[in-house]
Each structure stands twice: as structure tokens, then as C-alpha cells.
1. List pairs: first in segment 116-142 and under 20 Å from Tyr213 (Cβ atoms), second crowded, with 16+ Cβ neighbours inside 10 Å and acidic (Asp, Glu), Cβ under 7 Å, 6+ apart or cross-chain?
2. Of Tyr160, Tyr180, which residue is in contact with a strand residue (DSSP E or B) (Cβ under 9 Å, 6 or more places away or on another chain), under 30 Å from Ile269 (Cβ atoms), of a type in the set (Phe, Trp, Tyr) and in contact (Cβ under 8 Å) with a residue 24 or more places away in the chain?
3. Would you pick out the residues in segment 140-160 that are over 15 Å from Leu101 (Cα atoms) and either small (Gly, Ala, Ser) or not in a helix (DSSP H, G or I) (or both)?
4. Name the helices (runs of 4 or more DSSP H) wholly inside segment 204-300 in which the number of residues that are small (Gly, Ala, Ser) is 1 or more.
5. Test Met85 against the stated conditions and say whether it is modelled with pLDDT under 95, aliphatic (A, V, I, L, M) and surrounded by 17 or more Cβ atoms within 10 Å (Cβ to Cβ).
6. Working carefully through the options Leu124, Leu98, Leu114, find the one that is surrounded by fewer than 22 Cβ atoms within 10 Å (Cβ to Cβ) and not in a loop (DSSP other than H, G, I, E, B).
Amino acid sequence: MTLEFRPVGTSGLTVSPLTFGGNVLGWTVDKAKAFRLLDAFVDRGFNAVDTADVYSIFGGTAPGASESVIGEWLAQGGGRRGKIMLSTKFGLEMGPGLKGLSAAYVEQAVEASLRRLQTDHIDLYVTHFDDGTTPPEDTLAGFARLIAAGKVRAVGASNYSPERLALALDTAAREGLPAYQSLQPLYNLHDRAAFEGPLQVICRQHGLAVFPYFALASGYLTGKYRTPADLEGSSRKPLVERYLGERGDRILAAMDPIAAARGITHAQIALAWLLAQPDVTSPVVSASTVEQLGKTLDAVEVRLSPEELALLDAASAAG
């Protein structure tokens, strides 16, 4: 298998067609298993690893856990740092007064991430959420200093509205400040409306790399959860139950014959659909076992036919 590495804007960075999502590290995946997963990922030739300073606070563990696990993995040496394009996010609350996108906090947050990651630079430093109040020129000025110091190679955004993303990009061009090179939006076969439209147009116009998160709709697109009974006792229930219903059923029903005819999984179909979208660079995926990761990565070998894509597009259309 030969992987097609894709550019991250004009940053000079290139990424593999799938990105390993570190949200599970230090939470549902312990350090030993995390090391095996990361080794398996790079051994397959993939290079994009994404995390955030706040992970895995959502799982009830201390913030910074995911970055710390990745840092310990990198500290083993063996050329690991040179094998990955490392992305981390910041901006959500890490403690009292530790949040936001001000230049002062940007420079404080990056130092903490660098320590946890045990590296001297972050390839792609991403605003986790727009705080809605910090002027973009303030955030971007902080980024400029980090890039000049060699601590960050490029910057990206996540969870931005079209208006705020356009403002940030226009400000960067006007003031000669670093421009966002990527966007990490919610986007999958079920969740299409948030990205398709104005955000998609902006990314296309400015050449932004697109790293969709929740690529499998929190697991719904694996086909495992089809009724409320399937979710009983599952930790995924709060995330997945919103997908249950007529539209979700229609999407899974369109995937079923493709899976059966091809002998592939629903997850592979969902990822293959994303990879067929011209604006998508590298969907973010996670796994809890090496076997599961291997099957997920096999999605890059699936090429859906025009007829299959049309069937999935029609089934997932709004309404």
C-alpha cells in the first residue's frame, strides 16, 4: 500500500490520509496500550497524530493526560519524533484562569504542552474552540512569536463559525500575521450540515487542510448501534442516541449492501466516503486495540464507486 500524503495549506507539512486521534489516550487506553497503538500507526506508514491539552478531562482524568502519554512514547527515541506530524489543541479550560485565545495565554499554554509532549516544537498548533471575544489579531500575534521562536511550525483552527474563520484569515492577510492552515470541523456521513456550505467554501478558497473529527459519528456509523436497546449499558449512549431515527436508519440501510457485497465494515465505508470528498485532508480516527486500528486504517484502500457514493449521498441528505 502506498499512502498519499496531503499538504497542510502552504505550511510545508504533509499528512497521511488518516490522523490518529489521541482523545482516548490516558482515558480508555492506558499507557502500555497507547504505545502499541502509536507504534502500529507509524509502522503502517501513517504520520498524523492529533491531541489536545485538555484531553482526557472528558473522561474524568486529569487534563494533559493524552499529551503526557504521547510525550512518554516520543521519549523512547528510535526516531519517533521525526516520523509524526504532531498536532495539539489549546484554549479550553485547564484550570482557574487557564483558558482562552489571548496572546498571553497562547504563549503560556504552548510551554505546558511542549513539556508534556517532551518535544521542542509542535508541528500544527490548533485553537480548540473560538472564544468569541479575543480579537483575532491578538491570537495571531501570539502565534507569530511562537513560529519565530521555532516552537510551532503552523497554526490551525477548530470549531469556528464561518464568520469568525473568515475574519481571522482576512486579519492575517491584512496584518501580515500567520494564517490558519487547517480547520478541524465536525463532519461525517451523518453530520454534514455544519461543514458543507460556507465553511467548506472558505476552506476551499484559502486552501485550508480539513481534519474532520467524529468521523464515525461517535461510533454510530460502525452500524453497531441501531436501536435504543443497543445502547443500554454503553458509555457511548449520550453521544450516539441523537443519531437514532429515520435518517440514521436510512444511512445504515444504504451502507448495509455495500458492506455485504464488498466484505468491508461500515466504519471503512464511512471513512472511504469522507476520503472521497475533495475538501477532506485527513479524518481523525481513534481506536482502543491494535486490531481495531488495523481495520480502521484499511479504509484508505477502499475506493467507493460513483454509484455507491451517490447512494450514500442520497441517503444522508438532510430532510
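1. Leu117/Glu67
2. Values: Tyr180 fails: under 30 Å from Ile269 (Cβ atoms).
The conditions single out Tyr160.
3. Ala148, Ala149, Gly150, Lys151, Val152, Arg153, Ala154
4. Where helices (runs of 4 or more DSSP H) fall fully within segment 204-300 and carry at least 1 residues being small (Gly, Ala, Ser), they are 228-231, 246-262, 266-275, 290-297.
5. When the stated conditions are applied, Met85 does not pass them.
6. Leu114
Residues are listed down the side, and each one gets a yes or a no for (1) in a loop (DSSP other than H, G, I, E, B); (2) among the basic types (Lys, Arg); (3) over 18 Å from Ile122 (Cα atoms):
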residue	(1), (2), (3)
Leu3	yes, no, yes
Gly12	yes, no, no
Trp27	yes, no, yes
Ala34	no, no, yes
Val54	yes, no, no
Gly71	no, no, no
Gly82	no, no, no
Thr88	no, no, no
Tyr105	no, no, no
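The values are calculated or read from the model by the stated rules, or taken from the named source; none is laboratory data. Note that this is a predicted model, so its numbers are computed, not measured. Don't worry about glycine lacking a Cβ; one is built from the backbone with ideal geometry, like all the others, and counts go over all protein chains shown.
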